[in-house]
Amino acid sequence: MPTRSKSLQIPTADGQADAFAAFPGGGERHPGMLMYADGFGIRPVLRELARELAGHGYYVLVPNFFYRHGPAPVVELPEYIGEEVRGAVFGQLMPLIEVHTAERVLRDADAFLAFLTAQPEVGPGPVAVTGYCIGGLLATRTAVARPGQVAALAAFHAPVGADGADSLAKLTAEVHFGHAESDLTPEGLGELNQALDAAGVRYTSEIYPGTVHGFTMSDTDAFDAAALRLHWDRLLPLLGRTLDRGGEPGRSRR
């Protein structure tokens, strides 16, 4: 499906957040998706992911959640974020991550979702949120806070349990969590999935074999092409069940 893209400014309680949007180019309305980037922020690989999703029939909004510190990229990024520079880049980003409180996340989420659903290319009905790394935690917090609006949540190599089992109990969206093998042990996966079971969440939650943190990002040493394909194999059916046809999603467990 041919796509279009554009840069946008989202009004928030604390200023203007720059953002990237990708969407089908036919002039029709499509389901909305809010995509949170990883800690490195909006850059070519995130735009590529957004365009790929747009090609499947979604309006994808990628906000710069570090907008309080400037437009994306908020720190200088090399074209390829290899291990030799990763530490130095994260050294600049960690102070921004540490001050990005849950209160800020939810205040921004209200603004991002209001902006997304007001776009003329976005149809009525529920939306999806997805995120990578720290963005997966932001996506999870957004889905927890807006149960009546978010129908699907997907997070990849993300600390989704950081807010505790009680927060996950508030989820009403159907969920997929794709974990890196370096981030979560089988025992940790079992504990997380038990919490989701106890909460009655419809979900899949699995460790992607042989992966390290950041496996979806092709501009890093962590990239794993097979894991990225698995990410699409999990994400696209989830969106199809929850946004496209409105069918009753099935409960599954991994």
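The values are calculated or read from the model by the stated rules, or taken from the named source; none is laboratory data. On a predicted model such as this, the values are computed, not experimentally measured, just so you know. Counting neighbours? That spans all protein chains shown, and the Cβs are built from the backbone with ideal geometry, glycine included. Protein only, heavy atoms only, side chains kept; ligands, DNA and RNA dropped before computing areas. Shrake-Rupley method; radii C 1.70, N 1.55, O 1.52, S 1.80 Å.
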Here are the criteria: (1) surrounded by fewer than 21 Cβ atoms within 10 Å (Cβ to Cβ); (2) farther than 27 Å from P124 by Cα. Tell me which single one G148 does not satisfy. (2)
Filter result (open to solvent by 50 Å² or more (accessible area, probe 1.4 Å) and assigned to a loop (DSSP other than H, G, I, E, B)) within the stretch 61-77: P71, P73, E76
Give A102, A109 a once-over and let me know the one that is open to solvent by 40 Å² or more (accessible area, probe 1.4 Å) and in contact (Cβ under 8 Å) with a residue 12 or more places away in the chain. A102
Output yes when any residue across the stretch 135-143 is open to solvent by less than 30 Å² (accessible area, probe 1.4 Å) and touching a helix residue (DSSP H, G or I) at 6+ places or on another chain (Cβ under 6 Å), and no when none is. yes
Would you say D183 is of a type in the set (D, E), open to solvent by 10 Å² or more (accessible area, probe 1.4 Å) and out of contact with any Ser or Thr (no Cβ under 9 Å at 6 or more places or on another chain)? no
Select from the stretch 113-123 the residues that are in contact (Cβ under 8 Å) with a residue 60 or more places away in the chain and out of contact with any helix residue (DSSP H, G or I) (no Cβ under 8 Å at 6 or more places or on another chain) and write down the one among them that is least open to solvent (accessible area, probe 1.4 Å). L116
Whether any residue in the stretch 47-68 is among the hydrophobic types (A, V, I, L, M, F, W, C), over 26 Å from H100 (Cα atoms) and at pLDDT 95 or above is what I want to check. yes
Does the stretch 204-223 contain at least one residue that is under 18 Å from the mean Cα position of the chain (by Cα), modelled with pLDDT of 95 or more, polar (S, T, N, Q) and surrounded by fewer than 19 Cβ atoms within 10 Å (Cβ to Cβ)? yes
When you check A109 against the structure, is it within 21 Å of F66 (Cβ to Cβ), of a type in the set (A, V, I, L, M, F, W, C) and in contact with an Asp or Glu (Cβ under 9 Å, 6 or more places away or on another chain), yes or no? no
Exclusive hit being over 21 Å from L8 (Cβ atoms) and aliphatic (A, V, I, L, M), set A152, A118: A152
One residue is enough: does the stretch 190-200 have a residue meeting the conditions surrounded by 22 or more Cβ atoms within 10 Å (Cβ to Cβ) and under 24 Å from D38 (Cα atoms)? yes
Within the stretch 4-21, can one find any residue that is assigned to a strand (DSSP E or B) and within 17 Å of L236 (Cα to Cα)? no
